[in-house]
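**Student:** Mind having a look at this structure? Questions to follow.
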Amino acid sequence: MTLPEVATLPEVAAPALIGPDSPAARLGRDLAASFHSRSINAARRWRYPTVDTAMIRLTRAGTCPAQYRAFQSVAVAYATWHSGQARPHPGRAGTSVGRALRQLGRPGAYGPDDPAARRTLDRLVQAGTYDDLHPIIVRAAAQLGSADHPPHWVTLAEDLTRWQTDPDPVRVSWARDFYTYQPTIPAP
């Protein structure tokens, strides 16, 4: 292809970063489909940083290295949380991992009042590198397996993608969601 031919090609819009057509939203749909086809088992067995074609197919919605890496972590966390579940659960829209951790604990001591939940959040916000963060996310998903609701997987994918370029706002957001109770206001 010559330069003039390239100049006449139509422009292709960049994929939306947030919304129903975003790569993270596509990942959410792919994860739900993988649950039904049992191909989610590839994510359950996958270990960072090995190359596995089944994992690549599962996380193909990622359009850049940071997204691909984040999507791998979300796929493993999704597979971990869904182990033994009867049907897929997308999580409530906007529920961050910090908000989801509020469910951990025992009667009278949930979320911020539970030492194990606080330790998990502390590990998440103190992770220095993404290599440190990946296993903590997976362990948090395992802990949340006993809870009724997982984090919103699409929100987690977006958070982990942003974490790789600017982790501090994501850390603060997770901590605020954990320590600040925000009741759901019923629609009128």
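**Student:** Can you find, within the stretch 156-182, the residue that is surrounded by the fewest Cβ atoms within 10 Å (Cβ to Cβ) among those that are closer than 20 Å to TYR78 by Cα and free of Cβ contacts under 8 Å to residues at least 12 places away in the same chain?
**Tutor:** Here the answer is ARG162.
**Student:** Name the residue, out of ALA25, ALA33, that is under 22 Å from HIS149 (Cβ atoms), out of contact with any helix residue (DSSP H, G or I) (no Cβ under 8 Å at 6 or more places or on another chain), surrounded by fewer than 20 Cβ atoms within 10 Å (Cβ to Cβ) and modelled with pLDDT of 85 or more.
**Tutor:** Details: ALA25 fails: out of contact with any helix residue (DSSP H, G or I) (no Cβ under 8 Å at 6 or more places or on another chain).
Only one candidate qualifies: ALA33.
**Student:** Out of all the residues in the stretch 60-114, which are part of a helix (DSSP H, G or I) and of a type in the set (Ser, Thr, Tyr)?
**Tutor:** Within the stretch 60-114, TYR68, SER73, TYR78, THR80 meet the criteria.
**Student:** Determine whether the stretch 145-161 contains at least one residue that is in a helix (DSSP H, G or I) and more than 19 Å from ALA25 (Cβ to Cβ). I'd like the intermediate steps shown before the answer.
**Tutor:** Of all residues in the stretch 145-161, those in a helix (DSSP H, G or I) come to 153-161.
Right, trim to more than 19 Å from ALA25 (Cβ to Cβ) and you get none.
Checked against the condition, which is being in a helix (DSSP H, G or I) and more than 19 Å from ALA25 (Cβ to Cβ), the stretch 145-161 yields no hits at all.
**Student:** For the subset of the stretch 40-63 comprising residues that are among the polar types (S, T, N, Q), touching a residue at least 12 places away in the same chain (Cβ under 8 Å) and more than 16 Å from TRP81 (Cβ to Cβ), which member is surrounded by the most Cβ atoms within 10 Å (Cβ to Cβ)?
**Tutor:** First, the residues of the stretch 40-63 that are among the polar types (S, T, N, Q): 41, 50, 53, 59, 63.
Narrowing further to those that are touching a residue at least 12 places away in the same chain (Cβ under 8 Å): 41, 59, 63.
Still in the list and also more than 16 Å from TRP81 (Cβ to Cβ): 59, 63.
Values: THR59: 25, THR63: 16.
Top of the filtered list is THR59.
**Student:** If you don't mind, another one. Please count how many residues of the stretch 40-58 are over 19 Å from ASP132 (Cα atoms), in a helix (DSSP H, G or I) and either touching a strand residue (DSSP E or B) at 6+ places or on another chain (Cβ under 9 Å) or of a type in the set (A, V, I, L, M) (or both).
**Tutor:** Final tally of qualifying residues: 5.
The values are calculated or read from the model by the stated rules, or taken from the named source; none is laboratory data. None of these values were measured; they are calculated from a predicted model. As a convention, Cβ positions derive from the backbone with ideal geometry for all residues, glycine included, and neighbour counts pool all protein chains shown.
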